[in-house]
Amino acid sequence: MDVTESDARRTLHRVFGYEAFRGEQEAIVDHVVAGGDAVVLMPTGGGKSLCYQIPSLVRSGTGVVVSPLIALMQDQVDALRALGVRAGFINSTQDFDERRSMEAQFVAGELDLLYLAPERLRLDSTLALLSRGEVSVFAIDEAHCVAQWGHDFRPDYLALSVLGERWPDVPRIALTATATAATHEEITRRLGMPDAKHFVASFDRPNIQYRIVPKADPKKQLLSFLEEEHPGDAGIVYCLSRNSTEKTAEYLCRNGIEAVPYHAGLDAGTRAAHQSRFLREEGLVVVATIAFGMGIDKPDVRFVAHLDLPKSVEGYYQETGRAGRDGLPSTAWMAYGLQDVVQQRKLIQGGEGDESFRRRAAAHLDSMLALCETVRCRRAQLLKYFGQEPAQESCGNCDTCLTPPESWDGTVAAQKLLSTVVRLKRERGQKFGAGQIIDILLGRKTAKVIQFDHDQLSVFGIGGELTEAEWRGAVRQLLAQGLIAVEGEYGTLVLTEQSGPVLGGGREVLLRKEAPKPASRSTKGERKAKPQAAAGAELAPEAVPVFEALRAWRGARAKEQGVPAYVIFHDATLREIATVRPDSTSALGGISGLGEKKLATYGEGVLEVLATFGEAGTTAAPAPDPAPASDRPPLESSAPAVVPAARASSAPAVPSAPDGDPEFDWDEEPPEYE
Ligand code: ADP
Ligand code: ZN
């Protein structure tokens, strides 16, 4: 296999300009080049595309890529063409002539790669077309779409098993970032690939910093997170409901951050326009429901923020995985609070589906809550969830590693809280939500407390040793641990089977101390001090103006050609150029990400930009004045976040809703799960 092996590596250098394969890539490429079938599990950003692109280039014929995302095919093909790869697609966005021309190119053997949507591939006419040309490999991207119980299920994927029947000699490679064993098994079975070799890459994404902060005033917290750590950066903010995506996007815009909403309720034109802006502009924030993201391979998404709790660890991992595909430092940030737990539990109880569906949903939620409440390394917990052994027990790049949370003995607090619930039920026949219970514990004579005579209860005022925020944290954690439960439309608190031992003194309760403020500030220094990958190192100050000049040059090229900036060069490539400052075309060829075609197309332009800075290492460069040269204020410039009090305790009562919890400002409409 020596000959093809070096063919593959030569293609990697020549076309893509990369030094070496990453992780499992080489083994996968070798296997497929040699004609074997493969099922590939790799996290988002792991480098799946090369696994089928290189075999397509090395083997004779055209690689046919099945991808569910028509809207992204143009960008994928543009990116490949920029590398000198003969790529094309056939889909409904083309007119008749374009389609005919693409078909002719395929039949004539003039295409290295052809992208098709599954609904087109299954048509007899398409299968007949493919029979008239030569297919080198079938790549089935987003292969988890074949999984019937998964959230991305697409019935057209079920028809893809025909490929193995009609083309038994053409290797097939199915790729996904969805990691569960069940999905893996379903892909193998439904696509009819029993003999495929399975490749499971490490799911670790070391350049992503995971942080989960207590939710107080989520929009404000988000704003200070963005202002302090990601000014001018592109990113995605996930919310559960359509309404809150729109409100949050408006709020960010009002505060000087360019943001657009994205959800399934917007018309197709608006959605497409917002997605296209996200891909093409630098530094746009998309506030979206989970309808946004699959297949978005923008490499420089610097952060993914969650304002609501995702309903499973799988979802969380897939969404956060959209950050930092280019390997540069990125943040996965989430604000999570009591109302998230209450809302999700209610959704499961009141949702559709049979008992086993509800049980599965509850188990997913429990794993997600365990991740939120852990006092240990979040990365280690994530990897273990996906059945992988973390390299270390402490990664040093998540909030619990950077600022280890303290725990405290919450047994007495839990008992006080549970007894309040018990008293209300036994003595009054009432159930209330967390807000009223906490007011009782704190001895607050609110209108609603007086209305119901709750100041007469023996438990009134017994919880003065904790603050309101601490009580809310305690309720949240008890919910997460299943020591208390929520019920009904108003999210009233009720006991569970496990509450008994706590009340009886037979069970200790360990609680995590609530951080007085989000952990963001303490981690900033570490972020700077801790380069992740080679490409992730902070730029030296003298390289910053060079990088910015290159970015501006790249922006102009992208605009001319109507393609996203990353199609010209990734940030990582520009950073390396700005740092190394090559002085000749051949020196430029040594930069990662600069293959033959890009060197020929852009080499001179890059050298011209560099020439304006004089020689590397001299001081001939323009004075490095970061203010005008950079659109990013230095990290340290902003003031620490001030987290406002969670809630005004004197909120007026709602007399007609005895169980209502006025603090929970639910959206009227259901969350969007698509
Ligand atoms: P995935 O499809 O798995 O999410 P991609 O195929 O989009 O990931 O690759 C993620 C990023 O990593 C891309 O920017 C790609 O150019 C880069 N990349 C992939 N393989 C390599 C490699 N061997 N060397 C350098 N960069 C790579
Ligand atoms: Zn960690």
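The values are calculated or read from the model by the stated rules, or taken from the named source; none is laboratory data. This one's a predicted model, so the numbers in the text were calculated from it and none came from an experiment. Please note: Cβ atoms are built from the backbone with ideal geometry, for glycine as well, and neighbour counts cover all protein chains shown.
Please enumerate the residues belonging to the stretch 32-59 that are on the phi > 0 side of the Ramachandran plot and within 15 Å of ligand 1 (Cβ to nearest atom).
Of all residues in the stretch 32-59, those on the phi > 0 side of the Ramachandran plot come to 35, 45, 47.
Within the stretch 32-59, GLY45, GLY47 qualify.
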Kindly list, by first and then second residue, each pair from a residue in the stretch 386-404 that is more than 15 Å from PHE203 (Cβ to Cβ) and in a loop (DSSP other than H, G, I, E, B) to a residue that is near ligand 2 (Cβ under 8 Å from one of its atoms) and modelled with pLDDT of 90 or more, limited to pairs with Cβ atoms under 6 Å and residues at least 6 apart or on different chains.
GLU393/ALA380; SER394/CYS377; SER394/CYS401
Selection from the stretch 421-472 of residues that are within 16 Å of GLU487 (Cα to Cα) and either under 40 Å from the mean Cα position of the chain (by Cα) or hydrophobic (A, V, I, L, M, F, W, C) (or both):
VAL421, VAL422, LEU424, LYS431, PHE432, GLY433, ALA434, GLY435, GLN436, ILE437
Qualifying residue in the stretch 185-205 (condition: in contact with a Gly (Cβ under 6 Å, 6 or more places away or on another chain), of a type in the set (D, E, K, R) and buried (at least 22 other Cβ atoms within 10 Å of the Cβ)):
no
Check whether at least one residue in the stretch 169-181 is away from ligand 1 (no atom under 16 Å from the Cβ), among the hydroxyl-bearing types (Ser, Thr, Tyr) and in the same structural domain as GLU389 (by TED's automatic domain parsing), and report yes or no.
no
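Matching residues to (1) within 26 Å of ARG325 (Cα to Cα); (2) assigned to a helix (DSSP H, G or I):
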position	(1), (2)
GLY164	no, yes
VAL170	no, no
LEU175	yes, no
THR178	yes, no
HIS184	yes, yes
THR188	no, yes
GLY192	no, no
ASP195	no, no
PHE203	yes, no
Within the set of pairs 6+ apart or on separate chains, which have a first residue in the stretch 361-385 that is of a type in the set (Asp, Glu), a second that is surrounded by fewer than 17 Cβ atoms within 10 Å (Cβ to Cβ), and C-beta atoms under 8 Å apart?
ASP366/GLY482
Search the stretch 306-343 for residues being of a type in the set (Phe, Trp, Tyr) and away from ligand 1 (no atom under 16 Å from the Cβ), and hand back the single one that is nearest to ALA363 (Cα to Cα).
TYR316
Kindly indicate which of HIS144, HIS230 is away from ligand 2 (no atom under 16 Å from the Cβ), of a type outside the set (Asp, Glu) and in the same structural domain as ARG120 (by TED's automatic domain parsing).
HIS144
Could you tell me how many of the residues in the stretch 320-358 are farther than 12 Å from ARG205 by Cβ and in contact with a Ser or Thr (Cβ under 9 Å, 6 or more places away or on another chain)?
2
Could you please let me know if SER60 is closer than 24 Å to VAL32 by Cα, crowded, with 16+ Cβ neighbours inside 10 Å and at pLDDT 95 or above?
no
